[in-house]
Every structure is written in structure tokens, then in C-alpha cells.
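Asks: Just dropping this structure here.
The values are calculated or read from the model by the stated rules, or taken from the named source; none is laboratory data. Not measured: the values here are computed from a predicted model. Note that we place each Cβ from the backbone using ideal geometry, even for glycine, and neighbour counts take in every protein chain shown.
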Amino acid sequence: MLSSPPNFQNFLNLDEFETAARLLLSPMAHAYFSGGACDQITLRENISSWNSIKLWPRILKGVATPDLTTTLFGHSVALPFFPAPVAMLKLAHPQGELAVARAMNQLTLPYFASTMATTSLEDVAQETKSTSAYFQLYCFKDLALTKSLIQRAEQAGYKGLVVTVDAQILGKREADIRHEFHLPTPLKLENLDNQSNLALHAAKGSGAERISAHFDTSLDWKSLEAILADTKLPWAIKGVLHPEDATIAASLGAKAIFISNHGGRQLDGVPTALEVLPMFAKVLKGKTELFVDGGIRRGTDIIKAILLGANGVLIGKPMVWALAVGGEAGVLKMTQILEEELRLGMCLLGCSSLKNLDDRYLFNP
């Protein structure tokens, strides 16, 4: 354990946050946030796959201040990367979700609030008045609960829904089982009822598995349509790895597709979001926005995602490590590092705008 908090303001890259966070967090909390499923093959490949892409710079293009804006749900945003909707952030820092929301509010960047948050969706909404907030939705066996979450998001002023569809059954996360993952009191899932929280507080096996037992394992396209039928909020779907599924979602009205393998925490041995992204871009042809997550650690990783067809990326684990190390200020510092790397990368690539990124900047002999 660290005897004093690290001086994260001197950090030069995102990996330094992870190194420091490991020394600050309890073994159980670190295992929960860092772990993957089974042999963690996908978890490792999420990071290593970015190294397979080589950029091809052009010179003498006079790029000094590249345009880093993109769109989310049709709205212009200043940067193409946002914090992923990670669960139970008060395990990482006492201010949890509120610290991340406040950081995004300062930067006027979107915030994605998790169903499984340790702060209520209403309290998060109060902290994002200067920006836009979106609610990440899990679909429960209790249809009334799912519907009530949507209604609460509407009433709180959220701008859209992001429905996660790849975790109706939880992957085998051996680290959580080994550490008997549970949510220490007085923390609780503030968006759910007491019965749901009881499953997380028992220190036996994995509380995450017990809470996931409340998810609707029979969820299909028809039932998803029924769940969303009564809301006027635009919606996106998260956890897609096959382009045919993305085509179906787009035909049903999805405003965005979030390509993801859930941080390597579900089915081990699947493709990374980066590997399948070109297939999605080819099939959808700009009909809906595309976002990816998994293993992004550098500004150049963001460039690679966008030139292959993404509108932007989500940052998961590095955001948690930054939160654990420095709270709101840590998240701001992490964002600053990524923005500086992204800006530098665009200048060195010789590209003046993210909108101009395409395979002309991809080295593929």
C-alpha cells in the first residue's frame, strides 16, 4: 500500500495510473475492475490488438490545431473519447460516479451513467447540467423495474439510452470468485431495490454473479423492442461484435452501435472491437454512429479507431485507475493526457480533422 497519494499531476501516460491504483485499492476491488473471463485471452488481446495497426503519416500539411470534434447521438462533442459506464465506482473512490460526472461537466463531455452505479441516476444528472448524460440500461427479469429505470432517466433529463446486451448471463470471472466479490456496506446499488442489493452484500462466491441472476436471460429483439416502445429517448445498443446484429439494431432505430466485448469479461476468446470494426463500417456505411471500447491506452489508439470507421471510443479501466488515484482531478488529468496525445498524433500524421481520417493514413502494404 502507498503511504501517501501519488503525485499524479506528473504522470505522463495512462499506465502510470494503473500502477498507482493497484497499490491504493483493496485486492478485491482491484481484481474486480482489472479482471477478465476465464483465461483472460480476450482481456490481453484488447490491448495488444492496437499494436497491429500502423499509421502512415503525411508531411508538410501545415497542421497546428487539428479539429478533434465528433458526434454522439447526432450532437457535436469536443472530443472523441468518453468514460465508459463502469459499475460500482465508489469501490474505487469515495466520490465514485459523482467525481467522474463532475469532471465531464467541467469539460462539457458526455457522461454515461451505469444501471449498476453506487450513486443514483438522479444525483448523477444533477452533476451533468452543463453537458449531456446518457443512461446505460440493463434489462431485468422484472419488466416493471426495467421500465421504471427508463422512466426515471426520462424524468431526470437524460438525453438517451445505451442498452447493454452482452451480459444477460455473466462471464466466468475467476478473480471475483476467488476474492468472494461483494459490495462492502454502506455502499449499495442506488438505482436498485433492497432485494437486489442483498445479493451483492453477501461475501460468498461472487456477488456480481448473484446480481446478474436478476437479468432477463430470455431477452431477444422482440422483447427489446417492447421495452423501448414507450420511450421517446433515442437509444443505442452496447455489446455488439457481429455486424449482422448491428444491421438489425440499425433497422430498429438504434442511433449508435457500441462495439464491445465487455472488456474481455464475458465470453473469452472472441474478437476485439478493433478487429471487427472495419466489418461494421463496411456494412453500415454511415447509417448509424459507431463507437468502440477495449484496451485503449494512447491517443494514437483513438486515431486508429476513427480511421477504421468509428466516431469515437469509450475509456473503461484507465478511467477507473485515474479515479482511484485522484478522484475528479485524476479523471481530468487522464483526459488531458489523452487529449494531448490525440492532438499531437493528428499533427504528426498530417491530418487536420478527425472527419478526414480514413485508410489513406493506414499503412497496409
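Asks: Could you check, for region 165-177, whether at least one of its residues is surrounded by fewer than 22 Cβ atoms within 10 Å (Cβ to Cβ), over 17 Å from the mean Cα position of the chain (by Cα), without any contact (Cβ under 8 Å) to a residue 24 or more places away in the chain and not in a loop (DSSP other than H, G, I, E, B)?
Replies: For region 165-177, residues surrounded by fewer than 22 Cβ atoms within 10 Å (Cβ to Cβ), over 17 Å from the mean Cα position of the chain (by Cα), without any contact (Cβ under 8 Å) to a residue 24 or more places away in the chain and not in a loop (DSSP other than H, G, I, E, B): absent.
To keep it simple, each residue is scored yes or no on (1) touching an Asp or Glu at 6+ places or on another chain (Cβ under 6 Å); (2) of a type outside the set (Val, Ile, Thr); (3) closer than 26 Å to Asn261 by Cα; (4) modelled with pLDDT of 95 or more.
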| residue | (1), (2), (3), (4) |
| --- | --- |
| Ala84 | yes, yes, yes, yes |
| Leu89 | yes, yes, yes, yes |
| His93 | no, yes, yes, yes |
| Ala101 | yes, yes, yes, yes |
| Leu109 | no, yes, yes, yes |
| Thr119 | yes, no, yes, yes |
| Glu122 | no, yes, no, yes |
| Ser130 | no, yes, no, no |
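Asks: If you scan region 274-290, which residues turn out to be in contact (Cβ under 8 Å) with a residue 60 or more places away in the chain and either within 17 Å of Asp166 (Cβ to Cβ) or in a helix (DSSP H, G or I) (or both)?
Replies: Here is the first cut: in region 274-290, the residues in contact (Cβ under 8 Å) with a residue 60 or more places away in the chain are 274-275, 289.
Within region 274-290, Leu274, Glu275 meet the criteria.
Asks: Looking at region 16-50 only, could you name the residues that are part of a helix (DSSP H, G or I) and loosely packed, with under 13 Cβ neighbours inside 10 Å?
Replies: Within region 16-50, the subset part of a helix (DSSP H, G or I) is 16-24, 27-34, 41-50.
Hits for region 16-50 are Thr19, Pro27, Ser48.
Asks: Looking only at residues in region 215-238 that are touching a residue at least 40 places away in the same chain (Cβ under 8 Å) and closer than 15 Å to Ser251 by Cα, which one is surrounded by the fewest Cβ atoms within 10 Å (Cβ to Cβ)?
Replies: Here the residue is Pro234.
Asks: Still on this structure: Just checking, which of Val331, Val313 is of a type outside the set (S, T, N, Q) and either part of a helix (DSSP H, G or I) or in contact with a Leu (Cβ under 6 Å, 6 or more places away or on another chain) (or both)? Spell out how you get there, then give the answer.
Replies: Values: Val313 fails: either part of a helix (DSSP H, G or I) or in contact with a Leu (Cβ under 6 Å, 6 or more places away or on another chain) (or both).
On inspection, the qualifying residue turns out to be Val331.
Asks: Still on this structure, I have one more. All but one of (1) under 23 Å from Ala103 (Cβ atoms); (2) buried (at least 22 other Cβ atoms within 10 Å of the Cβ) hold for Cys351, so report the exception by its number.
Replies: It is condition (1) that Cys351 fails.
Asks: Within region 321-328, is even one residue in a helix (DSSP H, G or I), charged (D, E, K, R) and more than 23 Å from Phe11 (Cβ to Cβ)? Step through it out loud before you land on a result.
Replies: First, pick out the residues of region 321-328 that are in a helix (DSSP H, G or I): 321-328.
After this cut, where a residue has to be charged (D, E, K, R) as well, the list is 328.
Add one more test, that the residue is more than 23 Å from Phe11 (Cβ to Cβ), and what stays is none.
Taking every residue of region 321-328 in turn, none turns out to be in a helix (DSSP H, G or I), charged (D, E, K, R) and more than 23 Å from Phe11 (Cβ to Cβ).
Asks: Still on this structure, I have one more. Evaluate region 8-22: report whether one residue or more is over 29 Å from Val276 (Cβ atoms), touching a Phe, Trp or Tyr at 6+ places or on another chain (Cβ under 8 Å) and small (Gly, Ala, Ser).
Replies: Yes, region 8-22 contains a residue that is over 29 Å from Val276 (Cβ atoms), touching a Phe, Trp or Tyr at 6+ places or on another chain (Cβ under 8 Å) and small (Gly, Ala, Ser).
Asks: Restrict the check to region 78-95 and report whether at least one residue is over 18 Å from the mean Cα position of the chain (by Cα), assigned to a strand (DSSP E or B) and among the hydrophobic types (A, V, I, L, M, F, W, C).
Replies: No: zero hits.
Asks: Of the residues that sit in region 264-316 and are of a type in the set (Val, Ile, Thr) and touching a Pro at 6+ places or on another chain (Cβ under 8 Å), which one is farthest from Glu18 (Cα to Cα)?
Replies: Val283
Asks: For region 193-235, give me every one of the helices (runs of 4 or more DSSP H) that falls completely inside it and has 3 or more residues that are of a type outside the set (Val, Ile, Thr) and at pLDDT 65 or above. It would help to see each step written out before you state the result.
Replies: On the way: elements: 194-201, 207-212, 221-228.
Result: 194-201, 221-228.
Asks: Hey, another quick one. Restricting to region 261-302, what's the tally of residues that are crowded, with 21+ Cβ neighbours inside 10 Å, of a type in the set (A, V, I, L, M, F, W, C) and over 16 Å from Phe82 (Cβ atoms)?
Replies: Going through region 261-302 one residue at a time, the tally reaches 3.
Asks: Here's a check for you: in region 79-114, which residue that is crowded, with 22+ Cβ neighbours inside 10 Å and of a type in the set (Ser, Thr, Tyr) is farthest from Val313 (Cα to Cα)?
Replies: This residue is Ser114.
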